[in-house]
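The values are calculated or read from the model by the stated rules, or taken from the named source; none is laboratory data. Remember, predicted model here, so these are calculated numbers, not experimental data. Don't worry about glycine lacking a Cβ; one is built from the backbone with ideal geometry, like all the others, and counts go over all protein chains shown. What goes into the accessible areas is simple: the full protein's heavy atoms, side chains included, and nothing from ligands, DNA or RNA. Shrake-Rupley method; radii C 1.70, N 1.55, O 1.52, S 1.80 Å.
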Amino acid sequence: MSQNIDPYNNTNSHKNFDREEAYIRAKKRVKKILGFYWHLASYIVINIFILYVISQNLNGEKFWSFNVFSTVIFWGIGLLFHFLGVFGPNFLFGKAWEKRKIEKYLKEENKKWE
């Protein structure tokens, strides 16, 4: 009884392995992004509820005070760090942004020389 076993140096098995690794990385990334969006949604809903409850029970205190908005502020800071953890610190000014800006300025310079 003979079995057909592919050798380890088969290039197709390496391609399949690389594709599977890429799929796993992509799946983890999507899961992180989804987790951030759930965090954002809960931040919005819960803080609206908290602010509503506080506004109904102020008893003469000022609504626009630090005590009222402390939860919103500190949770917002945590949400910002979650955002940076998921999308990275280069989200706004990353390599793609740099490339677009360089191309834009090169086009402007080329128009001057034409």
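Miscellaneous remarks
- The angle between the Cα long axis of helix 66-87 and the main principal axis of the chain comes to about 10°, on a 0 to 90 degree scale.
- Under 13 Å, Cβ to Cβ, from Val86 - net charge with Lys/Arg +1 and Asp/Glu -1: +4
- Flagged links, alpha-carbon separation over 32 Å, of Lys15/Lys104; Lys32/Lys99; Lys31/Lys107: Lys15/Lys104; Lys31/Lys107
- Extension gain, Leu40 back to Glu108 (0.36 nm per residue minus Cα-Cα distance, nm): 20.5 nm
- With respect to the chain, whose longest principal axis is taken over its alpha-carbon atoms, helix 95-113 is tilted by about 80°.
- Surface share of carbon and sulfur [accessible, 1.4 angstrom probe, percent] for the chain: 63 percent
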